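Let me begin by presenting the structure, written as structure tokens, before commenting on it.
The values are calculated or read from the model by the stated rules, or taken from the named source; none is laboratory data. In this text the structure is predicted, and so the values were computed from the model without any measurement. Positions of Cβ are generated from backbone atoms using ideal geometry, with glycine treated the same way; all protein chains shown enter the neighbour counts. Just so you know, the surface numbers come from the protein's heavy atoms only, side chains and all, with ligands and any DNA or RNA stripped out. Shrake-Rupley method; radii C 1.70, N 1.55, O 1.52, S 1.80 Å.
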Amino acid sequence: MSEQGHVVARIGKPHGLRGEVTVQLHTDDPQTRLADGAVLPTRAEPGSGVPRELTVAGTRVHRGIWLLRFAEILDRTGAESLRGTRLLAPTDDAQPDDTRPGDAQDQDVEDGWYEEDLVGLRALDPGGVVLGKVTALEVGAAQDRLVLRLTDGAEALVPFVEAIVPTVDTAAGTVTIDAPPGLLDPDAAER
């Protein structure tokens with residue numbers, strides 16, 4: 001495949017022992033995109049061993065979270081190896097409701113970011129004051145979290161949702177954090 005298709009979903013953590021995984025959707029039409037038998041190109045870290053394509057073998061929704069099984073993945077160990085992998089629409093089948101990470105320098109949080117895009121970005125508050133630096137991205141079933149090393153050396157987990165992280169600007173090397181009271185200083189919330 002000469003060009004990557006649009007992101008349909010991002011794989012999260014394993015669910016159970018038989019190779020099922022949670023996914024974060026990046027399409028408005030998951031019933032069609034993730035139908036049994038769909039063959040989806042993948043985008044993963046180089047050298048991760050993730051197959052170039054995965055075949056959907058089962059889909060279900062459990063407590064509001066989409067779960068997928070793939071014909072190529074038979075157990076929890078295999079499912080764990082998929083964490084963070086993007087499932088893509090075939091290039092000739094991309095829809096406007098699918099997103100494509102990297103299309104814009106300054107995109108919405110829900111568009112999807114790779115950890116390597118985020119690590120090292122300076123975290124700023126809405127007024128431009130430096131809060132710290134992004135050190136990692138934790139992929140979660142319901143939402144992802146940015147790991148920040150704050151200017152005082154403490155570590156903070158920030159839900160990677162647009163309400164709290166309204167702007168990621170890779171060109172400027174910054175991410176804006178509009179933190180509710182107590183998020184970056186848990187001790188302040190207790191005072």
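Here are the numbers:
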quantity: 11 Å beta-carbon shell around residue 21, net charge (K/R +1, D/E -1); calculated: +4
quantity: Estimated distance in nm for a label pair at residue 171 and residue 130, the labels positioned 7 Å out from Cα along Cα-to-Cβ; calculated: 2.3
quantity: For residue 13, residues with placed amide H under 5 Å, excluding near neighbours; calculated: 22, 141
quantity: Unit charges on C-beta of K, R, D, E only; dipole of segment 1-87, Debye; calculated: 280
quantity: Mean accessible surface per residue for segment 1-94, computed with a 1.4 Å probe while every protein chain stays in place, in Å²; calculated: 53
quantity: Convex hull projection area averaged over all views, segment 122-178, Cα basis, nm²; calculated: 3.7
quantity: In Hz, Karplus ³J(HN,Hα) per residue of segment 46-60 (6.51, -1.76, 1.60; θ = phi - 60°; x = Gly, Pro); calculated: x, x, 6, x, 5, x, 5, 9, 10, 9, 5, 10, x, 9, 7
quantity: ³J(HN,Hα) computed for each position of segment 69-74 - Karplus, 6.51 cos²θ - 1.76 cosθ + 1.60, integer Hz, glycine/proline x; calculated: 10, 10, 4, 7, 10, 10
quantity: Segment residue 63-residue 122, extension gain: residue separation times 0.36 nm, minus the distance between their alpha carbons; calculated: 17.7 nm
quantity: Additional length obtainable on full extension of the chain from residue 152 to residue 13, 0.36 nm per residue less Cα span; calculated: 46.9 nm
quantity: Surrounding net charge for residue 158, when Lys and Arg each add one and Asp and Glu each subtract one, Cβ distance under 13 Å; calculated: -4
quantity: Carbon and sulfur %, accessible surface of segment 1-78 computed with the full protein complex present, 1.4 Å; calculated: 47
